[in-house]
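The values are calculated or read from the model by the stated rules, or taken from the named source; none is laboratory data. All of these numbers come straight from a predicted model, not from anything done at the bench. All Cβ positions, glycine included, derive from the backbone under ideal geometry; neighbour counts span all protein chains shown. SASA here: full protein model, heavy atoms, side chains in, ligands and nucleic acids out. Shrake-Rupley method; radii C 1.70, N 1.55, O 1.52, S 1.80 Å.
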Amino acid sequence: MAADRHMNSRPPRPGPPLWLLLELTYRCPLHCAFCYNPTDFARNGAELGTEDWMRVLHEARALGAVQLGLSGGEPLARDDLEVIVAEAHQLGFYTNLITSGVGLNDERLRDLKKAGLDHIQLSFQDSTQKMNDFLSSTRTFELKSAVAALIKQYDYPMVLNVVLHRLNIDHVEEILEMALRLGADYVELANTQYYGWAWHNREQLLPSRAQVERAEQTMQRFRERVGRRMQIFFVVPDYFETRPKPCMKGLGSIFLTITPDGTALPCHAARMLPGLEFPNVRNAGIEHIWYESESFNHFRGDAWMKEPCRSCPEKVRDFGGCRCQAYLLTGDAANADPVCDLSPHHHLVTEAVARAERPAEAPRPTEASRTGLQEKPLVFRSPRNSSTLFPGHEGT
């Protein structure tokens with residue numbers, strides 16, 4: 001009935017997909033326990049070939065896309081990355097490479113610069129070799145530091161991203177000092193969003209409210225000290241808010257993701273949403289996907305909304321919050337995002353935050369390490385874990 005009602009009330013036609021994200025591959029040398037990639041990524045189909053990615057670029061640009069993110073997994077695992085960048089540059093995209101740095105050497109960076117790459121975002125997991133390498137389950141800290149210097153050498157702005165969670169949020173000052181030493185121009189301290197592997201590891205990763213407040217205060221003091229030498233962005237975790245973020249400014253509004261096997265999604269994590277069959281660029285054009293596919297139209301407008309969202313005046317600003325978060329927490333993607341304190345399910349968020357108030361011990365650097373908070377091992381992202389632990393879907 002709900003689906004029929006929705007289809008009989010066609011939502012307004014959206015503008016173009018201004019922001020295009022190509023997840024070129026799920027291959028990745030890192031094994032981060034907070035990765036947003038789906039937990040069952042090993043079941044994903046074959047990666048798109050170069051020509052398919054070229055067609056996607058042309059069709060999306062013709063439709064009006066202007067910002068292009070190249071991510072994964074690790075996009076540098078693709079041998080044709082430079083070819084894709086060159087084509088995107090020729091088409092007029094502003095291109096952003098989102099990378100761990102693994103695979104980025106002088107030769108590849110020179111070729112990417114020549115191809116017209118505009119922007120590089122480099123990830124670190126922490127400020128020390130011990131914790132960086134533990135959290136990624138790799139030995140990559142020294143490599144990342146060398147890549148940071150190489151990025152500066154090629155006259156790119158130094159943009160560092162560090163995902164914050166319970167195990168590293170108390171190191172914010174040290175992380176910022178590291179960024180300053182590396183000559184970072186921009187630092188994004190992005191608190192973990194709980195999808196994918198982070199959802200599975202949420203009990204181990206969700207910080208306490210006191211940790212979040214200390215980290216934000218530390219960031220503010222550091223920002224005042226360094227002034228304009230470095231711009232710092234601090235993304236507060238949803239669970240500590242009382243109103244949801246306007247996720248993607250509403251699903252199907254401005255953001256289009258293409259996964260490695262060609263599945264088109266209105267956000268990074270939407271593949272988990274039940275009852276929706278997302279189209280694939282192998283057999284559908286971008287224009288049809290964006291404007292005509294039922295899955296992209298499903299959460300446009302407000303016909304899908306339940307109370308309290310349907311009659312809430314704030315729905316024009318927050319669009320009911322995150323559909324994936326609503327599904328993971330309540331089992332129904334049409335419910336109000338439980339982050340909102342008007343949601344009848346808000347207690348699911350406050351209870352999770354309350355559990356995070358329990359003290360935790362420092363983790364031991366092994367895959368089965370436990371903190372005082374943990375009741376199960378911290379599971380690191382890997383093809384083996386993906387295929388053996390998560391044979392179903394993201395919400396497992």
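For this structure, a couple of remarks:
- Modelled spin labels at Val83 and Arg209, positioned 7 Å past Cα toward Cβ, are 5.4 nm from each other.
- Net length available on complete extension from Glu51 to Ala146 is 30.9 nm, with 0.36 nm assigned per residue and the Cα-Cα distance removed.
- Distance between the 7 Å Cα→Cβ label points at Thr128 and Val235: 2.6 nm.
- Between Tyr94 and Glu287, residue separation times 0.36 nm minus the direct Cα-Cα distance comes to 67.4 nm.
- Per residue, region 18-117 exposes 37 Å² of solvent-accessible protein surface, assessed with a 1.4 angstrom probe and all protein chains in place.
- Surface share of carbon and sulfur [accessible, 1.4 angstrom probe, percent] for the chain: 53
- Pairs beyond 32 Å (Cα-Cα), from Lys130/Lys245; Lys144/Lys376; Lys113/Lys245; Lys114/Lys144; Lys130/Lys376: Lys130/Lys245; Lys113/Lys245
- Sorted on the mean count of surrounding Cβ atoms within 10 Å across their residues, most packed first, peptides 35-44, 342-351 read 35-44, 342-351.
- Scaled against the 2.2 N^0.38 Å expected of a compact globular protein of N residues, the Cα radius of gyration of region 208-329 reads 1.34.
- Between Asp185 and Arg110, the FRET efficiency from the beta-carbon distance, with R0 = 22 Å, is close to 0.60.
- Computed from the Cα positions only, the extents of region 182-234 along the three principal axes stand at 38, 22, 14 Å, in decreasing order.
- Extended-chain gain in nm, criterion 0.36 nm per residue less alpha-carbon gap, Gln153 and His347: 64.9 nm
- Most fluctuating residue given options Ser311, Ser100, Ser253, as computed from a GNM of the chain linking Cα atoms under 10 Å: Ser311
- Calculated FRET efficiency, Ala42 to Glu294, Cβ-Cβ distance, R0 = 30 Å: about 0.60 to the nearest 0.05.
- Most mobile of Phe34, Phe222, Phe319 in a GNM of the chain (Cα contacts under 10 Å): Phe222
- Note on Ser311 and Arg223: with the Förster distance fixed at 45 Å, the Cβ-Cβ geometry gives a FRET efficiency of about 0.70.
- In region 117-270 the Cα-Cα distances spread across 10 Å bins starting at 0 as 10, 34, 37, 19, 1 percent of all pairs.
- Summed over the residues of region 196-283 and divided among them, the accessible surface reaches 43 Å² per residue at a probe radius of 1.4 Å.
- Rounded to whole Hz, the Karplus (6.51, -1.76, 1.60) HN-Hα couplings of region 142-158, x for glycine and proline: 5, 4, 4, 4, 5, 5, 4, 5, 5, 4, 5, 4, 8, 6, 8, x, 7
- Residue with peak Gaussian network fluctuation, the chain [Cα springs, cutoff 10 Å], from Gly72, Gly101, Gly92: Gly92
- Inverse of mean 1/r across different Cα pairs in the chain, Kirkwood, Å: 21.8
- Only Lys, Arg, Asp and Glu carry charge here, each on its Cβ (+1 for the first two, -1 for the last two); on that basis region 261-365 has a dipole of about 180 debye about its Cα centre.
- Inter-part distance where region 109-174 and region 177-238 are each reduced to a Cα centre, Å: 14
- Applying the Karplus relation 6.51 cos²θ - 1.76 cosθ + 1.60 with θ = phi - 60° to region 299-304 yields 3J(HN,Hα) values of 9, 7, x, 9, 5, 7 Hz, where x marks Gly and Pro.
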